[in-house]
Amino acid sequence: MTDTATPVRVRFAPSPTGKLHVGGARTAIYNWAFARAMGGTFVLRIEDTDPERSTQENTDIILRAMEWLGLDWDEGPGVGGACGPYFQTQRTDTYEAALQRLIEADAAYPCFCTKEELDEKRRRAEAEEGGYAGYDRTCRGIDPAEARARIEAGEPHVWRLKVPEDHGPVEFEDVVYGHMTFPADVMDDMILKRTDGTFTYNFAVVCDDINMAMTHVIRGDDHLSNTPRQVLIYEALGATVPLFAHLPMILGPDGHKLSKRHGATSVEQFRDEGYRPEALVNFLALLGWSLDGETTVIPPEELCRVFSLDRISKKHAVFDQTKLDWMNGVYLREMTPAAWVEAARPWLAEAVVTGASVDDGVTMVPAPEPGAEPAPRDFGPGDEGWDEALAAALADIDADPAAYERLYPLVIERLARLDEIPAKLEFLFWGAGVRLDEKSVKKVLLKEGARADEALAACRAVLADESVPWEAAAMEAACRARGEELDMKVKNLLQPLRVAVCGNMVSPPLFESIELMDPDDVLARIDAVAAEVLGA
Ligand code: GLU
């Protein structure tokens, strides 16, 4: 057991065989928050020992994702530290040294059984009653002098751990699962070093956790079955066993382990969909941990004060996208307009470019089939000129970000993700064109007895009247007054205007939007809709 006076040292140890996914990110968050809450040290170690699946590119993606999430590490790639290097491929000499110590202590032995022999033993054992109970320890009894001679003669061999014959149950403490006990007799004399000279995962991890002085090992419960084996290695090396915390699995809403078919699962993907890093950290922290069972909004800096291992649950956590979207909205609304523009730049630029690509006059947009994706646009990513147009729009935003801050109040109340911005705001950049939603046309403009032509004419006259200032409140008051004179309900007066100017019935606040647009464009849209749709 860890002495409570020992300063906490924990690590996140991803294998760079893919991107940083939800499960890994949560493990990182728990280690980070725990280190911060305890005034301890958070180490990042890259477990890149699988030569086929580990890549530099994946390592870079993981480091970038950690940085984006704001999970700063005290030791590890880029920052160094006293226990480096922090890449397993650069630590082979430390594994070799540990193996030599085990050999000297007669706690490891070479095994010359070939793969074919081992397969055959397994097949035979499985056919018998009782089944396969691990390696039968044939080579454990080989005389050391003979073993040395065979090694010197170049005979292929692995190195195995000599699990003590009289070892009772393997025991360890898990903060989540409690006191764990596994019968030692099921423990194989596991391989520590393979024939090709590489070290096994269990051995490397334990060597690193010892040499990096880890006090706690916080990781996914998919590693729970490795832990008794790792405990035997700690014992053989005479090291203190850390305190473990195995985290519950994360399930999709259908009760199956969370995977790609449930939607975005990599941190990168969430970033690209317009989630805020603080929202994602807050949301993931609550997948398996709670402060008091009630509090949902716990910003990262607070998490670093209040996180504790004893509130981790054993129960599987369910990934609830609706809750994540809600939480992201909470964090978006907390941003200042300036910070929002900075974060929303790519999506604002997309709104500008997509909007500007709309032709003058009316373009009808058919309502998509229920559940179907909207029809693709004429101009989008991959098209010639798109990248240049986007770069120009970004430059424009950067030249005058304050101008874009005015868009913030139009959408902020109902924004769940930043990637909703293009669809919600592109109408501001249509110029003299309108993309008219067919459903809104039917329900608002062509509805029986709607008097849409009259409404548009009335509003147009007000908007064209130079004595009415081009300001939301003034325009709205003047339009409403005109509606009263005509004895029209507000809804019948203003919904046609909304559809004609913004393209559909569910736009951001109407007059606040109009105020940001060019008067000539607004009038041109009204004229086009009146002529092309209402034949006025
Ligand atoms: N590298 C292992 C993984 O990515 C983690 C090992 C550990 O945390 O002990 O699953």
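Read-outs: derived from the displayed coordinates by stated rules, not from any lab. This is a predicted model, so every value here is computed, not measured. Every residue, glycine as well, gets a Cβ built from its backbone with ideal geometry; the counts of neighbours run over all protein chains shown.
Couple of notes before you dig in:
- Between the C-alpha center of segment 270-297 and that of segment 322-379 there is a gap of 23 Å.
- Normalised contact order of the chain, rounded percent, pairs of Cα under 8 Å and 6 or more residues apart: 13 percent
- With a cut-off of 18 Å on the backbone N, the residues of segment 14-47 near the modelled label site 7 Å out from V79 along Cα-Cβ are 14, 25-47.
- If R0 equals 25 Å, the separation of the Cβ atoms of A477 and M505 corresponds to a calculated FRET efficiency of about 0.65.
- Net lengthening on full extension, A392/E420 (0.36 nm per residue, minus Cα-Cα): 8.0 nm
- Using a Förster distance of 25 Å, the FRET efficiency for E235-H316 (Cβ separation, nearest 0.05): 0.20
- Approximating the spin labels as points 7 Å out from Cα along Cα→Cβ, the R377-to-E302 distance works out to 3.7 nm.
- Trypsin sites (Lys or Arg not before Pro) within segment 1-72: DSSP coil, no more than 12 neighbouring Cβ in 10 Å: R53
- Whether segment 101-197 is rounded, prolate or oblate, judged on the alpha carbon gyration tensor where a/c under 1.5 counts as rounded: oblate
- Using every pair of separate Cα atoms, the Kirkwood estimate puts the hydrodynamic radius of segment 140-200 at 14.1 angstrom.
- Rounded to the nearest 0.05, the FRET efficiency derived from the C-beta distance between E448 and Q269 at R0 = 41 Å is 0.35.
- Helix content alone sets the calculated 222 nm mean residue ellipticity of the chain: runs of n ≥ 4 DSSP H residues at -39500 (n - 2.57) each, divided across all residues, give -13000 deg cm²/dmol.
- Summary of the geometry: segment 189-238 and segment 1-54, compared by the centres of their Cα atoms, lie 15 Å apart.
- For the chain, the longest principal axis of the alpha carbon atoms and the long axis of helix 321-333 meet at an angle near 60°.
- Between segment 476-493 and segment 103-130, the Cα center-to-center distance that results, in Å: 89 Å
- Using 0.36 nm per residue and subtracting the Cα-Cα separation, the extra length available between E173 and R406 on full extension is 78.3 nm.
- In summary, the convex hull built on the alpha carbon positions of segment 456-529 has an orientation-averaged projected area of 4.3 nm².
- Angle in degrees between helix 490-502 and the longest Cα principal axis of the chain, rounded to the nearest 10: 60 degrees
- Spin-label model distance (nm) - D360 vs T17, 7 Å beyond Cα toward Cβ: 6.0 nm
- Kirkwood Rh (inverse of mean 1/r, distinct Cα pairs), segment 327-474, angstrom: 17.6 Å
- Additional length obtainable on full extension of the chain from I103 to D527, 0.36 nm per residue less Cα span: 143.7 nm
- Modelled spin labels at S467 and R333, positioned 7 Å past Cα toward Cβ, are 4.1 nm from each other.
- Measuring max minus min along each principal axis, the C-alpha atoms of segment 1-157 give extents of 54, 34, 32 Å (largest first).
- Considering only GluC sites (Glu not before Pro) in DSSP loops that have at most 12 other Cβ atoms within 10 Å, the longest stretch of the chain without any of them is 166-293.
- Using alpha-carbon coordinates, inclination of helix 22-37 to the longest axis of the chain, degrees: 80 degrees
- Normalised by the number of residues in segment 1-142, the mean separation of alpha-carbon contacts (under 8 Å, six or more apart) gives a relative contact order of 20 percent.
- Stokes-Einstein D (µm²/s) once Rh is taken as the Kirkwood radius of the chain over alpha-carbon pairs, at 37 °C in 0.692 mPa s: 117 µm²/s
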